[in-house]
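The values are calculated or read from the model by the stated rules, or taken from the named source; none is laboratory data. Just so it is clear, the structure is predicted and the values come from calculations on it, not from any experiment. Because the Cβ atoms are built from the backbone with ideal geometry, glycine has one as well, and the counts that use them run over all protein chains shown.
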Amino acid sequence: MKKATFLFAIATLFTGSLAFAQQDTLRLFGNQKPKEKTEEPRVERKGDVFTGNDGIRTLTGPGRKLGFYFGFNTGYLQVDGYDAFSAGATLAMIANHGLAIGFTGKGFFSEPYKLSPGSNTSYNFAGGYGGFLIEPIIMPKSPVHISFPILLGGGGISHNKLTDLDYPYEYTDVYIEDTDAFLIAEPGVELEMNVVRWMRVGLGGSYRFTTSLGPENFDSDLLNGFSAGLSLKFGMF
């Protein structure tokens with residue numbers, strides 16, 4: 001009798017422990033009645049800073065898209081009154097479709113010119129510049145839209161002497177006569193077209209503001225002036 005009573009007590013204790021364990025498991029893993037409606041994230045804005053209900057503060061707002069692009073550009077400019085060609089590349093991140101931030105660079109060279117007719121010696125200018133890029137984009141989701149790229153950086157220029165230019169170019173000798181460095185700010189405007197989701201074509205212009213150059217072979221404002229060009233951009237916009 002005592003043995004049967006002991007076995008019954010053990011069985012009762014085991015069954016109760018198992019039921020309690022199952023109840024705790026349900027509580028731990030949240031197997032409760034589902035909520036009928038999930039609360040939407042709440043966003044508050046104070047000045048230029050967005051604050052979500054998770055406490056994280058950002059400048060562009062929570063859950064906004066981050067993209068990028070890699071671009072090529074070619075353009076026309078004048079250096080000391082001589083026609084010049086430029087080419088460059090850009091790598092930038094895009095925040096919320098409307099603001100690109102990155103780095104850009106360009107190289108340029110001018111057409112050859114002679115100081116006296118009939119001379120076998122010609123001259124030209126060549127150089128490059130680059131730096132930080134800030135590019136606000138207006139109505140980026142529209143098929144045709146406008147951007148305002150601004151370059152802030154520095155670069156260098158050289159004045160070159162070209163000999164035997166009347167012969168094939170592979171035999172031309174180039175001598176660098178003078179060089180100088182400068183700081184530059186180049187604001188611009190560009191009309192862009194979304195060709196496909198991952199490609200844009202742009203046509204625009206800009207104006208270069210540079211620090212003064214040395215007086216030996218350069219006018220102080222030699223590089224100041226307008227540029228016009230074409231750009232191709234590839235990426236996630």
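Scoring R197 on the criteria (1) of a type in the set (K, R); (2) buried (at least 18 other Cβ atoms within 10 Å of the Cβ); (3) farther than 16 Å from G156 by Cβ leaves a single failure, condition (2).
Taking the criterion of being surrounded by 20 or more Cβ atoms within 10 Å (Cβ to Cβ) and of a type in the set (A, V, I, L, M, F, W, C), the residues of region 112-158 that qualify are F125, L133, I137, L151, I157.
Rundown of residues vs (1) assigned to a strand (DSSP E or B); (2) of a type in the set (D, E, K, R); (3) modelled with pLDDT under 95, yes/no style:
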{"site": "K106", "(1), (2), (3)": "yes, yes, no"}
{"site": "G127", "(1), (2), (3)": "yes, no, no"}
{"site": "L133", "(1), (2), (3)": "yes, no, no"}
{"site": "I137", "(1), (2), (3)": "yes, no, no"}
{"site": "L165", "(1), (2), (3)": "no, no, yes"}
